[in-house]
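Participant: Handing you a structure now.
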Amino acid sequence: MILTIWLKEIREELFTWKSMLWLLIVSLLYSLTSYLLLTNKELSLLDQTELLWLFSKIVIGAAFLVVTINCSSLINNEFEKETAESLFLTPLHFSGFIAGKILASITLWFYIFLISIPYIIVITIGTNLIGPFLLFLGILGTIGITGIILFITGLSLIFRSTKNTLTTSLIFLFAFAVPAMFSTTLKINPLAQFFAKINPLDNIFGSLDNVLVDYQLSLAQNFKFIFPLILFCLIMLIFLIFTAKCTQKRGGLK
Amino acid sequence: MKKMIFPDIKNCLPGLVVISIFGLLFSPLWADSIQPSQLIMTILSENTLSGVAGDFVVVEAQIQNIGNEPVSGITTYLTLCDRENKLPVDLEDWSAEKGLFIGTIEPGQIFPLTWKIHFVKAGDYSLAIIAIIETESNPQVSSLTIFKVSPKINLNPGYVLPVALGMPVILVLFFLVIMYYRKQNK
Amino acid sequence: METCISVKNLKKSYHDQPALNDLSFTVEKGDFFGFLGPNGAGKTTTIRILTGILNLDNGEITVAGFLHKEREKIAQIIGVVPESRGMYEWMTAREYLDFFGRLYRIPPSKRKSKSDSLLKQFDLFSNKKKIGEYSRGMRQRLSLAKALINNPQILFLDEPTLGLDPQGQEDIQNLLLELNKNGITIFLSSHLLHEVSYLCSRIAIINEGKLVAEGSLDELHQKTSLQESYFIKMTGNILPDTDKTFSDQISKISSNADITSFVFSGDIIQANQMLNFLHSQNHKILEFRLQGSDLTDIFLSLTEKKRSN
């Protein structure tokens, strides 16, 4: 039944003109960025690892933004369009309903990641970084995106409004993204360092930096970045379970 | 007319003698501020410096002690000026910011100097070598070498153009195929 | 008769406001059960609790032998046309039935044949439009078709004909009668009293979360202390004097050319007085007969609402 919900969401959300336009815009963004990186008179003379580093930020940033916008409406749409009652009248369990929706959001991340692969290949030509870079981008992106999706789904169950969920999610996303863009000189004080340790975007960028610049290619060497990401996911999962139980307790629809 | 063109040389002679005496007396001072006698720096690769943005070239130069005394504590470095924009260039961007230290140059000794420089931006440039000597108050400067860096024109570096143009087109086609397929199914 | 739905001492509150207060009733297998009540009485809350959407605060519920907490088992054997009318507007009718068929874990081959037969039965088979382009009647038919996709034993209907034109209402009503004849127990909540009195074998009336009356139409009539009423048809129009003397007892006035008909509520002595008054006004009596109380009268009487002419 989770697959039924997932397939329905794929049809309803991902194979629509709206989603296709999003993916096209992301592709155009990648096209422009990769072309500028490689042809700009100044930037084309950067080290290839620096090009990859810049591009990875674009990929992660675009993915987080698009998935946040999409996920904010997935559950609320059912309540706002009054289709939720019909779903809950079937043997479908509430957790199955939520899981199907989460899977659909993660699928959107995979689409964005798949679109970025040809660009990454062309930027890494001549290096042997493509395999490790794709692997780490895939793993880190998936864990980070899953955490954000769990968080936004929990928010949806609290707010029951697409507008409120989207606004709050975007605020949280910017709260994570802006400090992650700061240079290391701005992260010297203990508070900034602590926030960098728990910030999922900081951990993703930190691990990619580890792979590209310091050439530390094993999972064990990147564990200090991956572990906080997994912890972030677990905390968000607990948050989602808590909000789901509250929703079921107060009666599902109301 | 003859008197105007050819003045009376006998009357000008005393003035000329005074000027010559003054010139001989003070010339060492002038010479000292304009041209110290001991070190000469020469850029050897001045004819091979011009290139294309992105090139790595080697600036070969030498410093020679033409004086009678050894010279110690010499630090040499490059200085670069953008002739078009009338600005100095930050050599760190060009990977040539390092200084070369020479302990002592004996009289008559020639010491080679090399810097690897990365042409970062196209334009017209002036290059000179500056030597700071610990025991002297005036820096030594080589002659100016002018060179040109041509722009790097590459519309398709690393085959990015087919990907940059092709991916959006492929996506659009893919979406159209899906829409057509769904319409057919109905 | 086997009990299909059993509700005992059901209680439910929203933010400390009681919605259902000690509600108890039973529905026998094969019944066409009508569930009536004014707005806010608790009808939809009751249906949502019975169908597992809402939790109860107190009481006992069994649906086809399953307890309330066995929600998934109950969902498997019931069909529901809910109050909310939302549908996936981008789907076609076939896709919609197929989707819900998957949720009921119906195998693909059975799903297809069941969808086809339902689409034919509800006259939606040849329609390739998306649901977003459907009329209200088509949506209602599709909603009913969806409720039958899993061959339910019990059908819960919350205002199934609301907003339909008379033809549409009649079509749905005939379908429901046929389904009931085929053995499906039907639990109908409706505001349309004539519909309930026409369709239902047993009726329950609730008011402010409590059961007020339960039984067949005759049983409900006996429980009320309604006055008799008489149907009178006469020539001419009712004179203004009539309004002052008998105005509280006259209702359902209908005038056509020079003939007027109305319903007079009162005992036989009062009816005789009325006839004498009309004779004195030179009206000719064309028809005079005893008329039984209808469900509207019973409903309003039991829920203490004023009747409107």
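Participant: Select from C:184, C:53, C:78 the residue whose mean-square fluctuation is largest in a Gaussian network model of chain C (Cα-Cα springs shorter than 10 Å).
Facilitator: Result: C:53 has the largest fluctuation of those listed.
Participant: Keeping the other protein chains in place, figure out the carbon and sulfur percent of the accessible area of segment B:39-150, with a 1.4 Å probe.
Facilitator: 51 percent
Participant: Counting partner chain Cβ atoms within 10 Å of every residue's Cβ in A:25-38, what's the average?
Facilitator: 4
Participant: Hey, another quick one. Per residue, how many Å² of accessible area does segment A:82-125 show with a 1.4 Å probe?
Facilitator: 25 Å²
Participant: Pop the C-beta distance of residue C:39 and residue C:14 into the FRET formula with R0 = 22 Å and round what comes out to the nearest 0.05.
Facilitator: 0.90
Participant: With each label point set 7 Å from Cα along the Cα-Cβ vector, what nm distance links residue A:47 and residue A:93?
Facilitator: Here the modelled spin labels are 5.1 nm apart.
Participant: Find, to one decimal place in angstroms, the Kirkwood hydrodynamic radius of the protein assembly as shown, where the mean of 1/r is taken over every pair of different Cα atoms and then inverted.
Facilitator: 34.7 Å
Participant: If you put +1 on each Lys and Arg Cβ and -1 on each Asp and Glu Cβ, how big is the dipole of the protein assembly as shown around its Cα centre, in Debye rounded to 20?
Facilitator: 1520 debye
Participant: Angle between the Cα long axis of helix A:94-123 and the longest principal axis of chain A, 0 to 90 degrees, nearest 10?
Facilitator: Between helix and principal axis, roughly 20 degrees.
Participant: Checking the cross-link filter: which aspartates and glutamates have an alpha carbon closer than 15 Å to that of residue A:18, excluding same-chain neighbours under 8 positions apart?
Facilitator: Output for residue A:18: A:9.
Participant: Now, a different point. Show me the trypsin sites (Lys or Arg not before Pro) within segment C:84-142 that DSSP assigns to loop and that have at most 14 other Cβ atoms within 10 Å of their Cβ.
Facilitator: Filter output for segment C:84-142: C:105, C:128, C:129.
Participant: While we're looking at this one, here's another question. How large are Rg and Dmax for segment B:39-150 when calculated on the C-alpha trace, in angstrom?
Facilitator: 14.4, 43
Participant: Chains A and C: how much accessible area gets covered up at their contact, both sides added, probe 1.4 Å, in Å² to the nearest hundred?
Facilitator: Chains A and C together bury approximately 2500 Å².
Participant: At 7 Å along Cα-to-Cβ for each site, give me the label-to-label distance between residue A:213 and residue B:60 in nm.
Facilitator: Here the answer is 3.7 nm between the modelled labels.
Participant: Which residues in segment C:25-45 have a backbone N closer than 18 Å to a point placed 7 Å from the Cα of residue C:251 along the Cα-to-Cβ line?
Facilitator: Hits in segment C:25-45 for residue C:251 at 18 Å: C:37-39.
Participant: Please report the buried accessible area for the interface of A with B, total over both chains, probe 1.4 Å, in Å² to the nearest 100.
Facilitator: Summed over both sides, the interface buries about 2100 Å².
Participant: Would you compute the Debye intensity of chain C from its alpha-carbon atoms alone, equal scatterers and no solvent, and pass along log10 I(q)/I(0) at q = 0.16 Å⁻¹ to two decimals?
Facilitator: One equal scatterer on each Cα of chain C leads to -1.24.
Participant: For helix C:93-103, what angle does its Cα long axis make with the longest principal axis of chain C, in degrees from 0 to 90 and rounded to 10?
Facilitator: 60 degrees
Participant: Oh, and also: Mind checking which of C:117, C:280, C:265 has the largest fluctuation in a GNM of chain C, springs on alpha carbons under 10 Å?
Facilitator: The residue that fluctuates most here is C:280.
Participant: A further question follows. Over all Cα pairs of segment C:144-205, how is the pair count split among 10 Å bins, expressed in % and running from 0 up to the last occupied bin?
Facilitator: Spelled out per bin, shortest first, that is 20, 60, 20.
Participant: Given H placed on each backbone N at 1.01 Å, which residues far from residue C:212 in sequence or on other chains put an amide H within less than 5 Å of it?
Facilitator: C:205, C:206, C:207
Participant: A follow-up question, please. Multiply the residue gap between residue A:249 and residue A:164 by 0.36 nm, knock off their C-alpha separation, and tell me the result in nm, one decimal place.
Facilitator: Length gained, residue A:249 through residue A:164: 28.4 nm.
Participant: Then there's this: Report the label-to-label distance for residue C:120 and residue B:50 in nanometres (one decimal), using points 7 Å from each Cα along the Cα→Cβ vector.
Facilitator: Using points 7 Å along Cα→Cβ, the separation is 8.9 nm.
Participant: Using only the alpha-carbon atoms of segment A:2-250 as identical scatterers, what base-10 log of I(q)/I(0) does the Debye formula give at q = 0.15, 0.16, 0.17 Å⁻¹?
Facilitator: Reported log10 I(q)/I(0), two decimals: -1.08, -1.20, -1.31.
Participant: Between the helical axis of C:108-121 and the dominant principal axis of chain C, each derived from Cα atoms, what acute angle in degrees is found, rounded to the nearest 10?
Facilitator: It works out to around 20 degrees.
Participant: Using a Gaussian network for chain A with springs between C-alpha atoms less than 10 Å apart, which of these wobbles most: A:156, A:19, A:72?
Facilitator: The residue with the greatest mean-square fluctuation here is A:19.
Participant: Carbon and sulfur atoms: what percent of the 1.4 Å accessible area of segment C:25-82 do they account for?
Facilitator: After summing per-atom areas, the C and S share lands at 46 percent.
The values are calculated or read from the model by the stated rules, or taken from the named source; none is laboratory data. Everything quoted here is computed from the prediction, not taken from an experiment. A quick note on method: Cβ atoms are made from the backbone with ideal geometry, for glycine too, and the neighbour counts reach across all protein chains shown. Note: accessible area is taken over every heavy atom of the protein model, side chains too, but ligands, DNA and RNA are not part of it. Shrake-Rupley method; radii C 1.70, N 1.55, O 1.52, S 1.80 Å.
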